[in-house]
Amino acid sequence: MSQPTVSILTPFKNTERYLDDCLQSIINQTFENWELLIVDDNSTDKSHAIVNAYAEKDKRIKLFKNEGNGIIDALRLAFSESSGQYITRMDSDDIMPPEKLRFMLEDLKFHGKKHVALGLVKYFGTHDIGDGYSKYEAWLNQLTQTGRNYSEIFKECVIPSPCWMVHRDDLETCGGFTPNRYPEDYDLTFRFYKHNLKCIPSQNLLHYWRDYSTRTSRTHEHYAQNHFLHLKVDYFLDLEYDSQRPLTVWGAGQKGKTTAKLLQNHKVPFYWICDNPQKIGKHIYGELLRSFEYLKQLERPQSIVTVANTQAQAEIRAYFKSQHMEPMVDYFFFC
C-alpha cells in the first residue's frame, strides 16, 4: 500500500459501547488512503480488544498503548507514529459521515498550506440534547459556514476537536501536541490563530458528536471553565493586549473576578467596570469597581467583557458600535 495521505489521531479510554460505530464510520470513508493511529489511554473495559480485532482485519488501523497518561500524551504518541501528509483528529465515541475525509482533503488541497479544513457538527445521543449544547452547535456552525471562527475565539473553543484537518507542516509549525495545557483542543485552536492558519468555510455536515453523561468534556476537571479563563487571559495578553491603551474588565461575576485575579497575577493594570449598584464603589481584590460612566474618562480603551447575560451583551455591543469600536481590536467577549 502507498504511504497514507491522511493520518487520523484517536485516543480512547473505556468507550467500548461506541467503538464499533466509530471505527466502522472510518472504514466506510469514500476516501480510502488513510491510516488510523488509535491509542489506548489505559482502558479498563473491553475497548482494547475491540480495537485490536479491527486492527487485525484492516492494516490501516494501528493500535498503541499510551506510555503516559491522559489525552495529550496519547495524541503525542499517535502523532509521532503517523506518516500522513495531512493530519486530523477523531473521538472514539463519535461518527464520521462517509464523505468527511474526502471533503476536508479537497478543501485543503484547493486552498493550500496555512489553512484549516473544517465541517459542520451535529450532537446526537440517546436523550434530548441540552439547550446549552444545542446553542453551542448552532453558534459553532454559524461561524464555520462563513469561516469567521476566530472572530469569537475568546468566547468558547471555535474549532471542534474532532472536526479539523491541517497539513502536517502547519501542525508542526503550531507546536503539534507539545504544550501540556488543557483543554488541549482550545489551546491548539489558539495556536492555529496565533500562526495565522485561515479557516476554510464549509457548508457540509462532517461530524456527529455523541453526547452522554460521562463524556470527558462533561466530567473532567481539565474542561472546567476556570481552565478556559487561564487560556483566554494568557492568549489575550500574548496576542491582543496593547499596553499603551487602558484596559477595562466588564462584569464582576465569577468569571469577571477570575479574570481580574489572573490579570493581577500577570501584573497587568486594568479598570473594573460593573453595573451592579451594590458593588460599584467597593473594592474586590483591592480593585475599585467603577460605573459604566467612568468609561468616558478613558481614551481608546481595550475591553474584556465577562458579562454573560444575553440582553446585557447586546447593549454592550451597541455601545461599542456607537463608539466606532471594532471586535477583536477594541473589545473581546470572554463569555
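The values are calculated or read from the model by the stated rules, or taken from the named source; none is laboratory data. Quick caveat, the model's predicted, so the values are computed rather than measured. Backbone-built Cβ (ideal geometry, glycine too); neighbour counts: all protein chains shown.
Every residue, every condition in (1) touching a strand residue (DSSP E or B) at 6+ places or on another chain (Cβ under 8 Å); (2) within 30 Å of P11 (Cα to Cα); (3) among the acidic types (D, E); (4) modelled with pLDDT under 95, yes or no:
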{"residue": "T216", "(1), (2), (3), (4)": "no, yes, no, yes"}
{"residue": "Y223", "(1), (2), (3), (4)": "no, yes, no, yes"}
{"residue": "P246", "(1), (2), (3), (4)": "yes, no, no, no"}
{"residue": "G251", "(1), (2), (3), (4)": "yes, no, no, no"}
{"residue": "G256", "(1), (2), (3), (4)": "yes, no, no, no"}
{"residue": "A260", "(1), (2), (3), (4)": "yes, no, no, no"}
{"residue": "H266", "(1), (2), (3), (4)": "no, no, no, no"}
{"residue": "I280", "(1), (2), (3), (4)": "yes, no, no, no"}
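What number of residues within segment 191-209 are hydroxyl-bearing (S, T, Y) and touching a Ser or Thr at 6+ places or on another chain (Cβ under 7 Å)?
1
Please give the strands (runs of 3 or more DSSP E) falling wholly within segment 260-308 in which 2 or more residues are out of contact with any Gly (no Cβ under 7 Å at 6 or more places or on another chain) and in contact (Cβ under 8 Å) with a residue 40 or more places away in the chain.
Once the strands (runs of 3 or more DSSP E) in segment 260-308 are filtered for at least 2 residues that are out of contact with any Gly (no Cβ under 7 Å at 6 or more places or on another chain) and in contact (Cβ under 8 Å) with a residue 40 or more places away in the chain, what remains is 302-305.
Determine whether segment 13-24 contains at least one residue that is at pLDDT 95 or above, surrounded by fewer than 17 Cβ atoms within 10 Å (Cβ to Cβ) and closer than 20 Å to F79 by Cβ.
no
Evaluate segment 42-53: report whether one residue or more is of a type in the set (V, I, T), without any contact (Cβ under 8 Å) to a residue 40 or more places away in the chain and out of contact with any helix residue (DSSP H, G or I) (no Cβ under 8 Å at 6 or more places or on another chain).
yes
Tell me whether segment 47-57 contains one or more residues that are buried (at least 19 other Cβ atoms within 10 Å of the Cβ), closer than 15 Å to L206 by Cα and assigned by TED's automatic domain parsing to the domain that holds F177.
Within segment 47-57, none of the residues are buried (at least 19 other Cβ atoms within 10 Å of the Cβ), closer than 15 Å to L206 by Cα and assigned by TED's automatic domain parsing to the domain that holds F177.
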